[in-house]
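The values are calculated or read from the model by the stated rules, or taken from the named source; none is laboratory data. Being a predicted model, the structure only gives us computed values, none of them experimental. A quick note on method: Cβ atoms are made from the backbone with ideal geometry, for glycine too, and the neighbour counts reach across all protein chains shown.
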Amino acid sequence: MQNRFSSIFQHKIAWFALLIILVFAGSIRYGLLDLPLERDEGEYAYAGQLILQGIPPYQEVYNMKLPGIYAAYACILAIFGESHQGIHAALLIINLITIIAIFFLAKHLADNLCAIVASATFALLSLSQSVQGEFANAEHFVVLFVAVGLLVMLQGIAKASLLRLFYAGLLLGLGGIMKQHGTAFILLAVLYILFNSLKDSSVNWRLTAIRILTFTVGVVTVFGILFLTMLWIGVFKQFWFWIFDYASAYVSQIPLKDALWIFHSNFIPIINSAPLLWIISGVGFLMFAINNISEDHKVFLFMYALFSLLSISPGFYFRPHYFILILPCAALFAGMAVSLLADFLSKFFSGKIQFSIPAILMIVCCSLSIYQQRNFLFEMTPFEGMRSTYWLNPFSESLEIAEFIQKRTNPDDRVAVLGSEPQIFFYSKRRSASGYIYMYPLMENHRFALQMQKDFINDVEKAKPKIMVYVGVSASWLESRNSHKEIFQWFDRYLKNSRFSLVGVVELFENKSVYHWDTDVKWPVNSPCWVAIFERQ
């Protein structure tokens, strides 16, 4: 859409605006580098750490996520160092590249005004505490590859370039192996290529087949390398179980009747964090059909919205960080809405006024969002930021717990954590006594749960860990009334029979944490949540 206002937004102005957005977003993220890792980041970091030690995924880390994110973290650790600051520095760069990709994607679909607004909107929405945007979750990696992949795909179609379609397949394939949710956008691309090829009355079926095949070859290349790698390193059986067998059980636990309530309860706080930006995005979605853009791009935007929603829907969990996957599309619609406003104003005004009103609108919307989140973004300490985001989960405390473990153990000693806190393994640079670094699968209501508990028990007894950590935080277990109890009964017996002594207790309170080590250990505790550390004598 090259409306009559496009001349105002010449390339230099657009690039200057993009630079301001990048500097602003980067400076805010730079101030948040010291935030400790949450547990998903801890999982990725620990798996990446093991990869750098020559230990492949699924051998000592069991999870249903595809291993692309583990490989990405291994690269991050190799480049930025094995620290939470290094991981968040890498996230800063990944986010800035994604902002640039969305700028070019919006520019391809519309104009410079749309590009500026879309990139600014994504920068702010992806910073939101409501989507846990400050933490390097896999969704950030997915949206990076998806945004670039879709842009390359659109360019490949526009320029009739089969090579670009192949590259688009590679990029979207990489997005898919970062997390399964990313595969939704692969289907989006296939369907859009098919639509674009079949839209004319005279269909060239041969060219259509070649386009789809070329794109598919790119995708298959990525997944083929992944599968062959899993075979070559000898973990294909474990990989298949976690990615397909367990994942199927995992996504079937929440009934459809609960999906809308879960979506609503998690999405409302996200809207409330930047209400005006979301209103503008909603207006853009409702009105983009009357925008002066090509029918092809209208179909693309509609499909992008649909598949963005589908990408967050597997299992109906709708966790806050899942919504990062819909932010690029939401940002594009916000850009469309402001560009549409500029078109409308052109009927009544000319010159600077036509630019000033949309600019002032966006400044007000962005400023309100920043003001609403000012405490988290600018004022809170890392401890306060973690508490306000994750309540009494022991993420800040994991740093000191890991330091204690590191001092009391040798590099070859194993550590067992009864809870879902893999960041402890990463910080302490000590390997887990079991591949079950999360207790969640052991507590869930599926046919594998009891055997998983038995496998975990067997792993720990064989490994003879020097340190046992028990996490007395419900969110680290997610135990339900249907959960098997064998692991709890075993734990009490194992501590007594294997001569473990209580050497550390961490009490978790809303405003502080209290640490008790060695002779200062106290039991029972006064806090609602706690972590206990046991040492084999």
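The table for this structure:
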read-out: Boolean, Tyr470 is part of a loop (DSSP other than H, G, I, E, B), outside the structural domain of Glu38 (by TED's automatic domain parsing) and either under 23 Å from Ser527 (Cα atoms) or under 23 Å from the mean Cα position of the chain (by Cα) (or both); value: no
read-out: Single match in Phe215, Phe239 (criterion: under 28 Å from Gln451 (Cα atoms) and either in contact with a helix residue (DSSP H, G or I) (Cβ under 9 Å, 6 or more places away or on another chain) or of a type in the set (A, V, I, L, M) (or both)); value: Phe239
read-out: Answer from Val152, Val142 - the residue that is modelled with pLDDT of 95 or more, of a type outside the set (Phe, Trp, Tyr), farther than 23 Å from Pro36 by Cα and in a helix (DSSP H, G or I); value: Val152
read-out: Residue in region 212-224 that is out of contact with any strand residue (DSSP E or B) (no Cβ under 7 Å at 6 or more places or on another chain), farther than 30 Å from His297 by Cβ and either surrounded by fewer than 12 Cβ atoms within 10 Å (Cβ to Cβ) or not polar (S, T, N, Q) (or both) present; value: yes
read-out: Val61, sole failed condition from (1) modelled with pLDDT under 95; (2) hydrophobic (A, V, I, L, M, F, W, C); (3) crowded, with 23+ Cβ neighbours inside 10 Å; value: (1)
read-out: Output for region 331-352, where each listed residue is of a type in the set (S, T, N, Q) and modelled with pLDDT of 85 or more; value: Ser339
read-out: Subset of region 402-443 (residues that are assigned to a loop (DSSP other than H, G, I, E, B) and either outside the structural domain of Val469 (by TED's automatic domain parsing) or of a type in the set (Asp, Glu) (or both)); value: Asp412, Asp413, Glu421
read-out: Count - residues of region 33-48 that are out of contact with any Phe, Trp or Tyr (no Cβ under 9 Å at 6 or more places or on another chain) and of a type in the set (A, V, I, L, M, F, W, C); value: 1
read-out: Subset of region 475-490 [in contact (Cβ under 8 Å) with a residue 24 or more places away in the chain, surrounded by 12 or more Cβ atoms within 10 Å (Cβ to Cβ) and under 25 Å from Asp40 (Cβ atoms)]; value: Ala475, Ser476, Trp477, Leu478, Glu479, Ser483, His484, Ile487
read-out: Some residue of region 103-117 being of a type in the set (A, V, I, L, M, F, W, C), surrounded by fewer than 24 Cβ atoms within 10 Å (Cβ to Cβ) and in the same structural domain as Leu277 (by TED's automatic domain parsing); value: yes
read-out: Residue identified as in contact with a Pro (Cβ under 7 Å, 6 or more places away or on another chain) and of a type outside the set (Gly, Ala, Ser) among Glu421, Glu461, Glu507; value: Glu421
read-out: Pairs with Cβ under 8 Å, 6+ apart, first in region 74-92 and assigned by TED's automatic domain parsing to the domain that holds Phe24, second acidic (Asp, Glu) and assigned to a helix (DSSP H, G or I); value: His84/Glu41; Ile87/Glu41
read-out: Residue in region 31-39 that is surrounded by fewer than 16 Cβ atoms within 10 Å (Cβ to Cβ), in contact (Cβ under 8 Å) with a residue 40 or more places away in the chain and closer than 28 Å to Arg387 by Cβ present; value: yes
read-out: Qualifying residue in region 254-269 (condition: assigned to a loop (DSSP other than H, G, I, E, B), touching a residue at least 40 places away in the same chain (Cβ under 8 Å), under 28 Å from Pro320 (Cβ atoms) and touching a helix residue (DSSP H, G or I) at 6+ places or on another chain (Cβ under 7 Å)); value: yes
read-out: Filtered residue count, region 37-59, keeping only those that are in contact with a Leu (Cβ under 6 Å, 6 or more places away or on another chain) and in a loop (DSSP other than H, G, I, E, B); value: 0
read-out: Answer residue from region 278-333, given it is of a type in the set (S, T, N, Q) and farther than 17 Å from Leu109 by Cα and is surrounded by the most Cβ atoms within 10 Å (Cβ to Cβ) among those; value: Ser311
read-out: Selection status of Ser398, outside the structural domain of Tyr30 (by TED's automatic domain parsing) and polar (S, T, N, Q); value: yes
read-out: Residue that is at pLDDT 95 or above and surrounded by fewer than 21 Cβ atoms within 10 Å (Cβ to Cβ), where the choices are Phe16, Phe24; value: Phe24
read-out: Scope region 83-132; condition assigned to a helix (DSSP H, G or I), among the polar types (S, T, N, Q) and within 19 Å of Tyr322 (Cβ to Cβ); matching residues; value: Asn95, Thr98, Thr121, Gln129, Ser130
read-out: Residue count, region 495-513 (criterion: in a helix (DSSP H, G or I) and farther than 11 Å from Tyr470 by Cβ); value: 2
